[in-house]
Amino acid sequence: MNAMDKATQWRLLGRTQVEDLVIVPLFAFVAALFLGALVMAATGVDLAVIGQSYVALVKGSVGSLNAVSETLTAAAPLVLAGLGLALGFRAGLFNIGAEGQVVMGGLAAVVAGVALGDFPAIVALPGALLAGALTGAFYAGIAGWLRAVTGAHEVISTIMLNLISYRLLDYLLRTPLIQKEGRADPISKSVPDAAELPRLLTFIDANLRVHAGIFLTLAMVAVAYWLLFRSKLGFEFRAAGENAVAARFAGMNASLTIILAMAIAGALAGLAGANQTLGVLDRATPGFSAGIGFDAIAVALMGRSHPVGVLLAGLLFGALEAGGRQMQVDAGVSIDLIAIIQSLIIVFIAAPLLVKALFPWGFRREGSG
Amino acid sequence: MRVELKNITKRFGPVIANKGVNLTIEPGEVLGLLGENGAGKSTLMNVLCGLYDPTEGEIFIDDKPVVFDGPGDAIRAGIGMVHQHFMLVPVFSVAENVVLGVEPTGALDHLDLATARAEVERLSEDYGLAVDPDAIIETLPVGVQQRVEIIKVLFRSADVLILDEPTAVLTPQEVDEFFQIVRSLCEAGKAIVFITHKLNEILEISDRISVIRRGEIVGSGDPKELTRPELAEMMVGHPVDFDVARAPYAPREVILDVADLTVLRDHGAVAIDNLSLKVRSGEIVGIAGVQGNGQSALIEALAGLRRVASGRVTFDGTDITHISPRARHRMGIAHVPEDRQRAGLIGNFTVAENMVLDTYYGPPFAKGASIDWGRVHADAARVAEEYDVRTPSVFAAAAHLSGGNQQKLVVARELSRDTRFVIAGQPTRGLDVGSIAFIHAQLMAARDEGDGLLIVSSELDEIMAVSDRILVMFKGRIVAEYAPHIAPLDKGEIGLVMAGAAA
Amino acid sequence: MSVLLDKARLRQTRITGGVLIALGVLIAVFLAPDAPGVATFRLSRPTDVWPVPNLVVPGGAFIYVVSALLAFMGVRLFLKGGARWSALILGIGLAIAVAAFLVWATAGKSFSLTGMLQATLVRAVPIALGGLAGVLSERVAVVNIGIEGMLLAGAFTGALVGSLAGGIAGLAAAVAVGGMFGFILAALVVTYRMDQIIAGVFINLFVLGLTSYISSQVFQEYRALNNAPVFRAIEVPFLSDLPVIGPVFFNQNIFVYGAFILAGLATYYLFHTRLGLRARAVGEHPRAADTLGINVYRTRYINVTMAGMVAGFGGAWFTLGSVGRFDEGMTGGRGFIGLAAMIFGRWHPVGALLAALVFGFADSLQQKLALLRTPIPSEFLAMAPYIATIIVVAGVVGRARAPAADGKPYVKE
């Protein structure tokens, strides 16, 4: 294989240039942290506290076994949902609906888990996970179906489905089948042990929350990679995303591709929800999704819609999440700052020209490459 | 007004589009600029009309150097261009398009459309360019749209008119009318630059000819002293053989039978109106016609991409009216789409991926749910070699290939498998002479192997060169049939029919 | 050939007819038996200058009449066709079905119709202004998913500056900050060629993060910074005394009047001025505009910035026009509903305004029905505007035509 081949093989990783894959994300991250510091300074946070908060950010994400456990716990659902979004992006679908799919999938996993509670774990856990994935797939499939059949743009329909999912969750949590016995507030029954994703490190410390969901996550990264780059279906997804007209002319079924891509994306987001309810929260409550579906958009973008990239970006965002909580405790800086940093990472990643304009010295001059 | 280009060079990154071009444009004369597709004609004129900055060189107007910072400056200097792809806003009226950018206004920035209308009417009368100022562009035939483009340039009081491939979309009769207009503009003292790759037209209309090849002016002369073969050799760089080699016409059984076909456009208008035709194995049937008379809908309906409202399509005795594109494909129907960039290729996919775009799903490329990429790459390399697709490797992105190689890639994909029937839309649009000859030879080879072919092209010359039978399409119907093996073809007559004379 | 066209239309008409029949049957079966007594709709207050008597509707009877009417229209469409009127008939059908629903909910009780119509206008404001912002930017072919964020930025700025320097200053600041985010969007998509949807998503997430951060970091501690004055309703002399119409149209705050005035101005600008013609040309065929010396980039910057200003004004409604206080994420998807209104309104300012009124009606309906204690769970009522949005986007797309270059970046060569 000659040099040209190698260079073009990089394209399979999302973009043609190493610069875009390594340097842009690096600068994006640094620039976002810097602007985050400016925001803190602008709201009257002392310089010392700003320093302290970034120290806390590191400490809370990788500073201890517990910190790493928290990072992994936070990263797992972001990676799962991010994988789904990445598949959608590759198929040319801008699915903003991961949040609603997380909600529906997480709730369905609880319901199935409760129903299967008397079965052994080998049945109950897969059953609950499957329920989460299928429900997520169905919920996303609505938007896919609307797009394929009526042409309704998925951005608007998925956002509306997000808003609907919150109301639906509030309602369903009060129905007798789901609501915890003897409670008046909207809260679900607890997930029975058999359907829980088991914690992995409780033999070291009972408080370590990292759970078997990380294996599920890694498996899904591999599945997504195979699906996207090795399978017929993935070829159809990518073709539809790059040039839908050419895909149709080549005999691919555009409607089916859209619906399947949305459904698979929804299944992964549903698994992210199940991962939360079965592995971390043990139940469903209003707002349990905690914006995972929105953060996953940033994860998918930063990961260049490539499964391995999504894994790495998910770990980074998980670290930001875990570190952000430490930051709030140690320095008293609101965790909402993390949302600002995340959104800035998106903008710098998605506009490499902007990063190159801000940090011209980090890049080779045009034309010399 | 006299315009001079001195030593113009234009580079796009490493690509040199124009190199050291010198050209003089005199008032009251038609300068013919001849060159192949991709020779750099349009780039040169885009430099002249201010769209591109020249990398080197200068432009002089009446011996004074000028620098254009955008098309606005060129327009103000009196240089107007009618682009090959019309620069008209389809949903605006004629008057709105004409005044766009130099609008007459009243108080509060209010658009004065009454004045605009009056101006359009005045110009149409002065130069004999009949148009309705209130008509919406997208409802007008291309010939009329072209008049609007000319009025637009005249409204800006241009003294130099650059006409880029103006006859590409016209019927032979419309071309004659158009030449009348060009002559009357010349008499009014305008300077005209007429850009084309068609030898007959440049010989007919020009007062002076310059030939451009690979970005450089390779020769100039007087049309009275130049011959067709001389010009062709100057344009291409080597002697050109205009004839397509072909085996004798020996049609066999009917392979495609279209009966009473009616097809609607997206918004419900009738595109194909009760059309019937037959194609036999071993023959090439060419569909001639002015663009927009239902050719695209016909291709799409036959390829299974557009629903058939009524009628029947039979392929080798089987009713295929409503089956999917892929099912047709499996039966041996190949389809070379009209627009390779939009529908034929995926620019960001590799040559190999494009090569299997419609065959990836079955053996030998697919194993169960996966694709055997090793097999795909090996196969693509072989086919690319066979069909002369010049690419650094099969891993190169299709977008990086030249237009000719992209089209060869599409043709290779469609013809390299077992085919029995080929639908090809505009198979050589925008290509250089070498690629055109290669693709025509491939189509001919398919015919000689016994395939039936249906070729649609808006270039009547192409249709006349390759077809065994010619069907003329007008307003969704077949209005005439010609067969060179029965009677010699008369281009003028076919042109009249294309314009609706038989309807 | 017209036979064929009729065939396609006939199918569509039949579907419409079927929908109407089904609606009629559903109403007769589920609503009619459950509507005892009369429904009383109050049209005016006793203190009004010209009081109008209440509208009293017998519940069951009215609903049966509606269902019979629906069934009649449906059967007629089904059997006789009449494709040209099918959209109109469907509209009328849906309207009377909603009326039957209202009567059912009100049966045996009384309900202020004028109040609901007044609330319809109020609640349509942010949607209309969001839709108008969408029209302004999509007419120059910039898809603006960031309207939600611009509304939120306007709401936040209105509250903050309004608390510090009064309502007028708050409003001006909201408009300025909205315009700033419009400018940022333009810079990202025009100069830095960022994907338009990603840029919009960025604006939404960034504004949500920033406003939430400041409100938890600063407002928690200094509550006085989040306590802005609210613009009161302004009565238009004489006109506001008209029954029903008066309170609905002529006794509203500046945001309602502003939405109507801006829709009118935008229509004049886009369709009757030189700059508007150029803006639309940039949205339809940017290369053509460029060849005529129109600066495509500058046109996009200006229009998207204006769109941001309109959205900033709409955002101020949430705080200065309503509660005077900023809450995290208080825009609740209104920006996106605004985009749906833009599509429903066919990229026309007045169309977007009218569409926003439909959504505003759905919004005020759910709010008022919650007061009537219907058996429908409040969560489902709260979904009404969202479901209406999906239906609109699904039903209208394909028939409406977006500006031709919408969403496509223009790269000057």
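Okay, residues lined up against (1) outside any helix (DSSP H, G or I); (2) at the interface with chain A (Cβ under 10 Å from one of its Cβ atoms); (3) surrounded by fewer than 22 Cβ atoms within 10 Å (Cβ to Cβ):
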position: C:160; (1), (2), (3): no, no, no
position: C:163; (1), (2), (3): no, no, no
position: C:172; (1), (2), (3): no, no, yes
position: C:177; (1), (2), (3): no, no, no
position: C:183; (1), (2), (3): no, no, yes
position: C:200; (1), (2), (3): no, yes, no
position: C:204; (1), (2), (3): no, yes, no
position: C:208; (1), (2), (3): no, yes, no
position: C:211; (1), (2), (3): no, yes, no
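The criterion of being assigned to a helix (DSSP H, G or I), buried (at least 24 other Cβ atoms within 10 Å of the Cβ) and more than 9 Å from chain C (Cβ to nearest Cβ) does not hold for residue A:127. In region C:245-256, the qualifying residues are those that are surrounded by 16 or more Cβ atoms within 10 Å (Cβ to Cβ) and of a type in the set (A, V, I, L, M), and the one that is farthest from residue C:51 (Cα to Cα) is C:254. Go over the candidates B:480, B:487, B:465 one by one and state the one that is surrounded by fewer than 23 Cβ atoms within 10 Å (Cβ to Cβ) and part of a strand (DSSP E or B). Criteria check complete, one pass: B:480. In the condition set (1) away from every other protein chain (no Cβ under 14 Å); (2) over 13 Å from the mean Cα position of the chain (by Cα); (3) buried (at least 22 other Cβ atoms within 10 Å of the Cβ), residue C:353 is compliant with all but (2). In region C:308-400, counting only helices (runs of 4 or more DSSP H) that sit wholly within it, the ones holding 1 or more residues that are touching a residue at least 60 places away in the same chain (Cβ under 8 Å) span C:334-344, C:349-371.
How about region B:310-326: which of its residues are open to solvent by 30 Å² or more (accessible area, probe 1.4 Å) and either closer than 17 Å to residue B:272 by Cα or in the same structural domain as residue B:169 (by TED's automatic domain parsing) (or both)? Matches in region B:310-326: B:310, B:311, B:312, B:322. Restricting attention to region B:1-55, the residues that are open to solvent by 10 Å² or more (accessible area, probe 1.4 Å), of a type in the set (A, V, I, L, M) and within 13 Å of chain C (Cβ to nearest Cβ) total 3. When A:150, A:158 are checked against the criterion of being touching a strand residue (DSSP E or B) at 6+ places or on another chain (Cβ under 7 Å) and within 14 Å of another protein chain (Cβ to nearest Cβ), A:150 stands alone in meeting it. The C-beta contact set for region B:332-356 (first residue closer than 19 Å to residue B:426 by Cα, second residue of a type in the set (Asp, Glu) and open to solvent by 10 Å² or more (accessible area, probe 1.4 Å), distance under 6 angstrom, 6+ apart or interchain) comprises B:346/A:242.
Residue by residue, here is whether (1) surrounded by fewer than 18 Cβ atoms within 10 Å (Cβ to Cβ); (2) more than 30 Å from residue B:310 (Cα to Cα); (3) modelled with pLDDT under 80 holds:
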{"site": "C:51", "(1), (2), (3)": "yes, yes, no"}
{"site": "C:70", "(1), (2), (3)": "no, yes, no"}
{"site": "C:78", "(1), (2), (3)": "yes, no, no"}
{"site": "C:82", "(1), (2), (3)": "yes, no, yes"}
{"site": "C:93", "(1), (2), (3)": "no, yes, no"}
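Total residues in region A:29-58 satisfying the condition of being open to solvent by 50 Å² or more (accessible area, probe 1.4 Å) and within 23 Å of the chain's Cα centre (by Cα): the figure is 3. Going by the structure shown, is residue C:135 closer than 23 Å to residue C:411 by Cα, assigned to a helix (DSSP H, G or I) and within 14 Å of another protein chain (Cβ to nearest Cβ)? Judged against the criteria, residue C:135 is not a match.
Any idea which residue in region B:327-361 is nearest to residue B:300 (Cα to Cα), counting only those that are of a type in the set (D, E, K, R) and open to solvent by 30 Å² or more (accessible area, probe 1.4 Å)?
The first filter runs over region B:327-361 and keeps only residues of a type in the set (D, E, K, R), leaving B:328, B:330, B:338-340, B:342, B:353, B:358.
Within this subset, residues satisfying the condition of being open to solvent by 30 Å² or more (accessible area, probe 1.4 Å) are B:330, B:338-340, B:342.
Values: B:330: 17, B:338: 10, B:339: 12, B:340: 14, B:342: 14 Å.
Top of the filtered list is B:338.
Any idea which of C:111, C:101 is in contact with a helix residue (DSSP H, G or I) (Cβ under 8 Å, 6 or more places away or on another chain), open to solvent by 40 Å² or more (accessible area, probe 1.4 Å), over 16 Å from residue C:318 (Cβ atoms) and in contact (Cβ under 8 Å) with a residue 60 or more places away in the chain? Of C:111, C:101, the one residue that is in contact with a helix residue (DSSP H, G or I) (Cβ under 8 Å, 6 or more places away or on another chain), open to solvent by 40 Å² or more (accessible area, probe 1.4 Å), over 16 Å from residue C:318 (Cβ atoms) and in contact (Cβ under 8 Å) with a residue 60 or more places away in the chain is C:101.
This table checks each residue for (1) more than 16 Å from residue A:311 (Cα to Cα); (2) within 9 Å of chain B (Cβ to nearest Cβ); (3) over 23 Å from the mean Cα position of the chain (by Cα); (4) free of Cβ contacts under 8 Å to residues at least 40 places away in the same chain.
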position	(1), (2), (3), (4)
A:210	yes, no, no, no
A:226	no, yes, no, yes
A:230	yes, yes, no, yes
A:242	yes, yes, no, no
A:246	yes, yes, yes, yes
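Listed by first and then second residue, the pairs with beta-carbon distance under 9 Å, at least 6 apart or on different chains, first residue in region B:78-91 and more than 8 Å from every other protein chain (Cβ to nearest Cβ) and open to solvent by less than 50 Å² (accessible area, probe 1.4 Å), second part of a strand (DSSP E or B) and acidic (Asp, Glu), are B:82/B:164.
Screening residue A:282 with (1) within 14 Å of another protein chain (Cβ to nearest Cβ); (2) among the charged types (D, E, K, R); (3) within 21 Å of residue A:211 (Cα to Cα); (4) surrounded by fewer than 22 Cβ atoms within 10 Å (Cβ to Cβ) gives one miss only, at (1).
Answer yes or no: is there a residue in region B:207-215 that is in contact with a helix residue (DSSP H, G or I) (Cβ under 7 Å, 6 or more places away or on another chain), modelled with pLDDT under 95, open to solvent by less than 80 Å² (accessible area, probe 1.4 Å) and among the charged types (D, E, K, R). Scanning region B:207-215, I find at least one residue that is in contact with a helix residue (DSSP H, G or I) (Cβ under 7 Å, 6 or more places away or on another chain), modelled with pLDDT under 95, open to solvent by less than 80 Å² (accessible area, probe 1.4 Å) and among the charged types (D, E, K, R), so the answer is yes.
The values are calculated or read from the model by the stated rules, or taken from the named source; none is laboratory data. What you see is a predicted model, and the numbers here were worked out from it, not measured in a lab. Glycine also receives a Cβ, built like all others from the backbone with ideal geometry; neighbour counts cover every protein chain displayed. Note: accessible area is taken over every heavy atom of the protein model, side chains too, but ligands, DNA and RNA are not part of it. Shrake-Rupley method; radii C 1.70, N 1.55, O 1.52, S 1.80 Å.
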